[in-house]
Each structure stands twice: as C-alpha cells, then as structure tokens.
1. Would a scan of segment 249-256 turn up a residue that is within 29 Å of I212 (Cβ to Cβ) and touching a residue at least 24 places away in the same chain (Cβ under 8 Å)?
2. Working only within segment 410-425, note down all residues that are in contact with a helix residue (DSSP H, G or I) (Cβ under 8 Å, 6 or more places away or on another chain) and buried (at least 16 other Cβ atoms within 10 Å of the Cβ).
3. Here is a list of conditions, (1) in a helix (DSSP H, G or I); (2) crowded, with 19+ Cβ neighbours inside 10 Å; (3) among the hydroxyl-bearing types (S, T, Y), and S81 meets all of them except one; can you say which number that is?
4. Residues of segment 500-510 being outside any loop (DSSP other than H, G, I, E, B) and either among the hydrophobic types (A, V, I, L, M, F, W, C) or surrounded by 13 or more Cβ atoms within 10 Å (Cβ to Cβ) (or both), which ones?
5. Does A64 satisfy the condition of being at pLDDT 95 or above, assigned by TED's automatic domain parsing to the domain that holds P147, in a helix (DSSP H, G or I) and surrounded by fewer than 18 Cβ atoms within 10 Å (Cβ to Cβ)?
6. Tell me which helices (runs of 4 or more DSSP H) are completely within segment 511-572 and hold 2 or more residues being of a type in the set (A, V, I, L, M, F, W, C), or say none if there are none.
7. With the checklist (1) assigned to a helix (DSSP H, G or I); (2) on the phi < 0 side of the Ramachandran plot in hand, flag the one item H141 doesn't pass.
8. Could you count how many residues in segment 243-275 are touching a Phe, Trp or Tyr at 6+ places or on another chain (Cβ under 9 Å) and either more than 18 Å from G399 (Cβ to Cβ) or part of a strand (DSSP E or B) (or both)?
Amino acid sequence: MDIEILRHSCSHVMAQAVKELWPQVQLGIGPAIEDGFYYDFDKKEAFTDDDLAQIENRMREIIARNEKFARTELDKKEALSLFQKLNETYKIDLINTIPEDKVSIYKTGNNFTDLCRGPHIESTGQIKAFKLLSVAGAYWHGIETNPMLQRIYGTAFESQKELDDYLKNLEEAKKRDHRKLGRALELFDIYHEEAGAGLVFYHPKGALLRKIIEDYEKDEHLKRGYELVATPHIMQAGLWKTSGHYDYYKDNMYTFKVEDAEYVLKPMNCPGHILIYKSKTRSYKDLPIRLFELGTVYRHEKTGVLHGMLRVRGFTQDDAHIFCLPEQLRAEIKGVIDFVFDTMKVFGFSEVGIELSTRPEKSIGSDEDWQLATCALEDALKEKGLSYDINEGDGAFYGPKIDIKLKDALNRKWQCATIQCDFALPKRFDLSYIDAEGKQRQPIMLHRVLLGSVERFIGALVEHYNGEFPLWLSPVQAEVIPIKESVLEYAQKVKQALQGNGMRVELDNRNETLDKKIRNAEINKVPYCLVVGEREASQNAVAVRKKGKGNIGVMSLEDFLGKMKEEIENKG
C-alpha cells in the first residue's frame, strides 16, 4: 500500500470525525506530509487534548464502519453550489483557484463530502494504525493577513509495530531536543528578550564546539585546493540588484540607508565571492578557482517559522563558490559530492538522502543554460552511482541544485549540503577568463555548502549524539576529580599536562563528595573522568572512568594521554 495515499486517506477520516463531532467547523486542507498528515480547521474554540482523544475515538468508529471512498467529478459551477450549501468557505476559495473545468470530490458514509484530488484507499477499514499528535496554528494559505486556522497533526502506518516504533522515536526526539540540551549543557541560548528572537548566543562550551567544527572545515578545504576568503557583512543594494536577489529575495533581506545609499545586510555570500573573482584578469590556466568562507549571513525570517538552531535570523554558512571551465564542471561536482560524503562520515552520519531540484517558476537564465546545468548535476550523480529523487520546481532562482540530506540516529532527515550549478550569475556580473586562444570566455559557477548552516548542523549534532559527543568533538574531553584536598596539587598537575598536549580539561575541586562529582560529570556528558587520590599521585597515574562504561582501570598519565590522542586521531 502507498503510505502517502494511506496517510492522506487518514486525514480525510479525521476531517469526517471532526465534522461529525462539531458540524459547524469549516474545513481547510488536509495533505499527507513526510511522516504523517495534517488537516486545517476553522473552529472558534481551541482543540484540547480531550478533543483529540474524542476525534481519535470517532475515527476508530468510522474505520470500523469500513466506509468506501467514493470519487465523483463535478463541473466547477456544480461544486461551488455544493460547497455553498455545505457552508464550506475555504473549499469555495480553493475551487476558485483550480484552473481545470472539473473538480473531484470524495464521499464517505452518508453525509461527509470533501473537495480532494485524491487518490484514496478503497475503504476506511484499510486504516490499521494511526495517532493524532498535536495542534498548531496555521494561517490560511500561509498568509498572515488571512484567518488563523487550527492544524491537527497526525500519523498513520500500515502496522501497529511501525506506529509504535515511530512514537518511541518521537519520545526519544523530545529527550534529545537541542534547545533543552543546549541550555542544560551550557552550549548556547537561542533567545534573549533584550536582543530579539532568532539570534544565537554561544556560551564558552558552545563556542568551543563551533571552533572545533570550523577548524576542521578550514583544514579540509585547504587540503582540497580551496582558498580562504572573507567578505563584508554589509554591501550596497545595487550589488544585490545585479545578482537578482533584490528582486527575488527582498522580503527576506534587511535593508537600510547609509547616507543616501541603500545597503543590505548580506543574506548570501555569493556576490562577495564574485567581486573577488572579478578583482583581476583570470586565465583558463587559473581555473578552477575555489573560494571558501565561513560567512555569517542574515535573513528576515518571520517569528512564526523560527525554530531553535534550525531556523534563525543570523547564521554562518560554510560557503564556497567554484569558478570553472565547462570541461571541468562534472569533475568539480563529483569532487564536492565526495567531500560531502567524507565530511558526513567524520561527523558520524552514515546515511543520506539525495534530491535533484529543478527549475522553479520564478527564475533567471535561458532554457538552454538550465538544461545544461541540470544535466551536469544529474550526470554526476549517475556517474557516482547514487540514487536520488527529483524535486520538481524547487531549484534556486539562478540554477538547479543537488540537496543532500543526512539521516540521524533516529532516522530523521536534516537538510545540510547543497550543490547549485549556475550559468546565470556569471552572465549578470560579466565574469570572464582568457582562453588558450586569447579570447574572453564565461566561467561556470558552482555554489556549494557542506554543513549548510553551522547553527543548524550543531543542532543536528546535539540531537544525533544526544549531547554525548565523540571525544574529538566534545568541548570538555576530561574532568579531573581529586578525592581530597591533599591531592589537589597533583590534580592540577594532571590538568596542566593534558592541556599542554592540546586536551580540553576541567578540574572539579568543589567541596562535594566523589559520587556527586562523578554524577555531575555524567550529567554534563563528559567523555572521561580522571579520579586521583594518594595512590594515583604516588604512581603518576589516573583512575579512568569512561562515559557509558564506568571504571576502566588505573593508567599511567602517559598511557592515558596516548589513548586520548589515538581516539581523537581516529575521530572515534
């Protein structure tokens, strides 16, 4: 059975249940979505948890009745008349947006009728396992000036076991919520009333985690032939008009005046990299040129869509732009794909999903260029033997793209890496290189990120590892715990020895019991506890406790240091 059709049918049954319980409620839309479905309702009173339980019970009754999904086609005029009689204002609005002369409706039972393209399953009795999850607000058509509806989310599976596994994962996801863990582990804050929403404040441990990630990225980019650059945070609006961002992206840009000139707080890094490319004459022998920047950008996101580290107003991209010859394009794309996979493996993500996104309705550039760019991306995927889905119409306004979504420990997808092929911006900025015959030619431009937003990636890392980072990533790698005051001097010596070898170490010299200190280190998810007493001090040793394993024995300080170095080197 097609899971999307099953979930869409379950959404229909939920709407039927709501109408049977509250006939005055008006219906919005009810699509299947990834991992479930939702339906929007216009109801004066807010849905409560008790209401959700009532709706679930009524849905079970409808399922037990095994009602057929009966499809009928109507002329638009007939459909408008029908839904006017049913007093379904939002359905009338939807009918008026449908370009076809006919529309389809589905009926179940004696009374319930819904405007729907379908398809649906044969009958309600085929629904075996479902659960309603939550209620949220949603503006009609997503427009803030429209009425606010109530959106009930749910999910459905073919078997109860699949549903139980999914619900178990949901509970685990709540425990791993990066917003809670980020605060508990003193990594970051995402909101300060005095500063505003969607802005991240990194605490010392969080800033250290970010530095580890960024240092790794800089080193890897240099190894692979990229050059580091840095561009201004503000640039004149004319630059963004040339790039097309001003026309296509202005609602998400912060603009302001400096004297009489309009400036933009940069939402992207690409125009700055283009200006660096244009700073001197380029030869075909210079290409490919790979410019890399950990560039902080700012986007005017609506408050309602902000979500922890995953959707913020100021964030840093691991952004690179590759300027290459036509004959180098495919090799460069494959090189980026390899870089993405190598990077994800190092950070502990072994599974990914890939989408190829094609030309959107609003775009720039010629049909020929779009065809060439799309084929180059698709051919690279095929030559790498990678499976992918086509995401129609979801490319950038200047070019198609490959999106690589990593899967975490709970099998959830996170959007991170993107590779975009662009013929349009080199034309708009009149970019060129001198070919072997001394003629000016236009380079092709690749936009790419590996982690995407560093903030989003850190959020994903926190949830993937449940805050228990591998040793090389952990902001604090070891906690030195003296048993009593008399060995404090030795404990400080241990700390200094480890720090002198580049380890990140803290010393807990509080006036607390040993058990409390160990428990505190466990709560803070520190990989190693080094307990030291008179015996350890006399032997220049440490009693080692490993997170999740407990006591692993006494080691000489030298042996423990070697163990740490090996584990860090292996990125274990």
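The values are calculated or read from the model by the stated rules, or taken from the named source; none is laboratory data. Worth saying up front: this structure is predicted, and the values here are computed from it rather than measured. With ideal geometry, Cβ positions are generated from the backbone for all residues, glycine too; neighbour counts draw on all protein chains shown.
1. No; the residues of segment 249-256 include none that is within 29 Å of I212 (Cβ to Cβ) and touching a residue at least 24 places away in the same chain (Cβ under 8 Å).
2. R412, W414, Q415, C416, A417, I419, C421, D422, F423, A424, L425
3. Of (1) in a helix (DSSP H, G or I); (2) crowded, with 19+ Cβ neighbours inside 10 Å; (3) among the hydroxyl-bearing types (S, T, Y), only one is false for S81: (2).
4. V505, E506, L507
5. yes
6. Fully inside segment 511-572 and qualifying: 514-523, 557-569.
7. The single condition H141 does not satisfy is (2).
8. 12
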